[in-house]
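The values are calculated or read from the model by the stated rules, or taken from the named source; none is laboratory data. Predicted model only: the values in this text are computed from it and were never measured. For neighbour counting, all protein chains shown are included, and Cβ atoms are generated from backbone atoms with ideal geometry for every residue, glycine included. Calculation scope for accessible area: heavy atoms of the full protein, side chains included, ligands and nucleic acids excluded. Shrake-Rupley method; radii C 1.70, N 1.55, O 1.52, S 1.80 Å.
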Amino acid sequence: MKLVVTRILKGYNIALIKLPPYTAIEITEFGSPAELELAVLVNDTRTINYCRVANSGASLLFLGFQCHDMPEPEDSGTPVLQGGKVIGMMTSTILDTCMGIAVSSKILRSL
């Protein structure tokens, strides 16, 4: 499917797209991250059940993973959930520390 990119946020590695009318989508509510609590990453191909919010700043979340179950490059853009609500969107990983960075729901809400 070809889609139109309406905005690129280079600082967050996010491209916004315009969906065609009547596209079937599922809306997930935004939540606020709880530090030191577990979260889950869920996309259409996999789920990472162990993810801990190590720190949440004004625009980024810093996440800790089990080193044997790290997000892959294709997991960029995966929602980060706590309590069934989106608290962020995965953007990158730091393999040698088993950490990851996600764009916070505070930023996503403003889009």
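If you place +1 on the Cβ of every Lys and Arg and -1 on the Cβ of every Asp and Glu, how big does the dipole about the Cα centre of segment 26-109 come out, in debye to the nearest 20?
That gives segment 26-109 a dipole magnitude of about 300 debye.
Counting only protein heavy atoms, what percent of the accessible surface of segment 26-109 is carbon or sulfur at a 1.4 Å probe?
Within segment 26-109, the accessible surface is 54 percent carbon and sulfur.
Which entry in (i) 0.94; (ii) 1.06; (iii) 1.00 matches Cα Rg over 2.2 N^0.38 Å derived from the coordinates of this structure?
This structure yields the entry labelled (ii).
Would you tally the net charge around Ser105, using a Cβ to Cβ cut-off of less than 11 Å, leaving Ser105 out, and scoring K and R as +1, D and E as -1?
+2
If you roll a 1.4 Å probe over the heavy atoms of the protein chains, what accessible area per residue do you get for the chain, in Å²?
That works out to 64 Å² for each residue.
Hey, with R₀ at 22 Å, roughly what FRET efficiency would Gln66 and Arg109 work out to, going by the Cβ-Cβ distance, to 0.05?
FRET efficiency, Gln66 to Arg109: 0.15.
Which whole-number percentage describes the relative contact order of the chain, with Cα contacts under 8 Å and a sequence gap of 6 or more?
23
Among the Cys residues of the chain, which have no other cysteine Cβ under 4.7 angstrom away?
If one checks each Cβ against the other cysteines of the chain, Cys51 turn up with nothing under 4.7 Å.
Can you tell me, using C-alpha contacts under 8 Å and at least 6 residues apart, the relative contact order of segment 25-74 as a whole percent?
Normalised by residue count, the contact order of segment 25-74 is 26 percent.
Full-extension gain between Thr6 and Lys85, please, as 0.36 nm times their residue separation minus the C-alpha to C-alpha distance.
Extra length from Thr6 to Lys85 when fully extended: 25.9 nm.
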